[in-house]
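Each remark here refers to the structure printed beneath this line.
Derivation of every value follows stated rules applied to the coordinates shown; laboratory data play no part. Just so it is clear, the model here is predicted, and its values are computed rather than measured. All Cβ positions, even for glycine, are placed from backbone atoms using ideal geometry, and neighbour counts span all protein chains on display.
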Amino acid sequence: MRSWAKTTVWGLALVLALSLVLPASAQPTLADQTARVQQALSGLQEFLAKYRDAITSSDNDKAKELFAKAEEEAAAAEAALGEGKLEEAMRHIARARLLAENALRELRGVTGGGNLHMMRERLMRQIVQLREQEERCSQLLSGLDCPGGQQQFEQGKEAADKARQLFAEQQYAAAEQQMRRAMQFFTQCLREILLCSNNVEERINQQIAAVEELIAEVEALLAENPNPEAENVLAAAKDALAKAKELMEAEEPDLRAVLAQVARARELAMHAKRLVSGAPTPGDRIKEYCEQQLQRLTRLLATAHGVVDDSTSEEAKAKLAQADALAAEAQTAFEAGEYRKCLAKVNEAMRLANQAIFLARQNGGLVPPPVRDYLRDSAEKALAAWEDVAARVAPVVAASTNEHDCSRCGPMRRRWRTKRRPPSWQGKYLETEQKISAAIQLATRAAMLATQPGPPRPPMEGNR
C-alpha cells in the first residue's frame with residue numbers, strides 16, 4: 001500500500017506539473033507562430049501591391065490570370081489566419097507568392113528560363129538607338145513641308161513613347177515590340193523626307209553611288225580573303241542594286257520602290273562586309289551564345305540544388321538528376337562544336353531544373369523565409385517539448401501496476417512504445433509537429449492511467 005501510495009502521489013505530481021508547464025510553454029510558441037505567419041502575409045501583400053497596377057493594366061491576359069489567382073490565395077491565407085489555421089494560411093501564402101512571381105515573369109516576357117538581365121541590357125541599347133533616330137527625323141523635318149514624313153514621325157514618336165513607358169514598367173516583351181514599330185515608322189519617315197526634297201532624284205542617285213562604292217570595297221576584301229558565304233550575299237546585293245537602277249530609269253520611276261531596293265542592297269552589302277572582314281559570323285555568334293547559355297544553366301542548377309536537395313519531393317530530385325545529366329551532355333556537345341545540339345540540351349535541362357524547383361516549392365522546399373523559419377522553429381520546439389515529456393513520463397509508466405483495464409491499458413502501452421521516438425523530420429516540419437503532438441497526448445494519457453490503482457504486476461520489459 002505504501003509503495004502504491006508513493007507511486008500515486010509522485011504520478012499525480014507529474015500530471016499536475018505537465019498540466020501547468022505545457023500550456024505555459026505553448027502560449028508564447030503560438031503567439032510567435034502567429035506573428036511569423038502575419039509577417040509572411042504582410043510581405044506577400046506588399047509584393048502584390050507593388051506590381052498590381054503594372055500587371056492588371058497590361059495587355060498580357062496570362063499574367064493577369066496568374067495574378068488574379070495569387071490574390072485569391074492571399075485572401076484565403078488572410079481568412080485562414082483570422083480563423084487561427086496557421087498551417088493552412090502558410091500553404092496559401094506559398095502558393096500566392098509562386099503565382100505572383102510567375103505572373104511577373106510572364107509580364108516581363110521572360111518565360112521558359114529567359115534571362116531578365118540580358119533582355120534589359122539589350123533593350124537599353126535599343127532605346128538609345130531609337131532616340132537617335134527620332135532626333136534625326138525631327139531635325140530633317142524642321143522647316144520641311146512633308147505631310148507623309150510628318151505623319152510617319154508622329155506615329156513613330158507615339159510608339160517610342162509607349163516603348164519607353166513599358167520599359168520603365170519592366171514590361172520588356174511589350175516594350176521590345178513597340179520599339180520595332182517605332183523604328184519602322186522612323187525608317188519610313190526618312191524615306192518620305194527624301195521624297196519631299198527638291199532634288200530627290202539627285203539624292204537617290206547619290207545613295208546608289210554610295211552602295212556601289214560599298215560593293216566595290218567588299219569585292220576588294222573578297223579578292224584577299226575568299227569567303228563563299230560572303231560572295232553569295234554580295235551577289236544578292238548586286239541584284240537588288242541592279243533592280244533599283246532599272247526602276248530609276250523608267251519613264252515615271254516609282255521612287256519609293258527605288259529607295260526600298262537601295263536600302264536592301266545596302267543592308268546585304270554591309271552583311272557581306274561583316275562576313276569577310278572578320279566580324280562575328282553566325283557560327284561565332286552561336287558559339288558565344290552557347291557559352292552564355294551554359295553559364296546560365298550552371299547558375300540555374302546551383303540554385304535548383306539549393307532548393308531541391310532539402311526538399312522531400314522525390315520527383316523533384318529525379319528531374320534535377322535528369323537536368324544534371326543533360327548539362328553534362330550539353331557540355332560535351334559544345335566541346336565537339338555541335339552548338340545546336342548543345343542548345344537543345346541546355347534548353348531541356350533548364351526546363352527540367354525549373355520543374356524541379358517548382359515541385360520542391362510545393363513540398364516544403366523553397367518558401368518565404370518567415371514561413372520556413374516558423375515551420376522549423378515550431379517543429380524544433382515541439383521536439384524539445386516531446387523530449388521533456390518523454391523523460392518525465394517513461395519512469396511513471398514503467399513503474400505502473402495498473403493492469404485492471406487491459407482493454408485500454410494494453411493498446412495504450414503498445415501505442416506508447418511506437419511513439420517513443422519521433423519519425424525523421426528533415427524538411428517535414430508540419431508532419432513532425434503533428435506526430436509529436438499526438439505522442440505528447442498519448443504520453444499524458446499514459447501518465448494518468450499509470451497513476452490509477454491496480455493489482456501488483458512485474459515490470460514489463462518493453463516499457464523501459
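What to note about this one:
- Taking a ≥ b ≥ c as the square roots of the eigenvalues of the Cα gyration tensor, an a/c ratio of 1.5 or more together with a/b larger than b/c marks the range 238-321 as prolate.
- Eligible aspartates and glutamates near LYS62 by straight Cα distance, threshold 20 Å, same-chain separation 8 or greater: ASP53, GLU71, GLU72, GLU73, GLU101, GLU106, GLU169, GLU176
- Amide hydrogen neighbours beyond the local backbone of GLN170, cut-off 5 Å, H modeled: none
- When the C-alpha to C-alpha distance is required to be over 31 Å, the pairs from LYS50/LYS157; LYS50/LYS341; LYS162/LYS341; LYS162/LYS238 that qualify are LYS50/LYS341; LYS162/LYS341; LYS162/LYS238.
- Whole-Hz ³J(HN,Hα) from phi, Karplus 6.51 cos²θ - 1.76 cosθ + 1.60, for the range 34-43, glycine and proline x: 4, 5, 5, 5, 4, 5, 5, 5, 5, x
- Ordering of 257-266, 37-46 by packing [mean C-beta count within 10 Å, highest first]: 257-266, 37-46
- Relative contact order (%) - the range 119-195, alpha-carbon pairs under 8 angstrom, separation at least six: 41
- For the range 317-323, 3J(HN,Hα) computed residue by residue from phi via the Karplus equation (6.51, -1.76, 1.60; θ = phi - 60°) reads 5, 5, 5, 5, 4, 5, 5 Hz, glycine and proline entered as x.
- Along the range 195-209 the Karplus relation, 6.51 cos²θ - 1.76 cosθ + 1.60 evaluated at θ = phi - 60°, assigns HN-Hα couplings of 5, 7, 6, 5, 10, 4, 5, 5, 5, 5, 4, 5, 5, 4, 5 Hz to successive residues, with x for each Gly and Pro.
- Sequence-separation-based contact order of the range 198-279, relative, with Cα cut under 8 Å and 6+ spacing, percent: 41
- With 21 Å as the limit on Cα-Cα distance, the pairs of LYS319/LYS345; LYS64/LYS319; LYS85/LYS317 that go past it are LYS64/LYS319; LYS85/LYS317.
- Relative protection proxy for 225-231, 267-273, from highest mean packing down: 267-273, 225-231 (other beta-carbon atoms within 10 angstrom).
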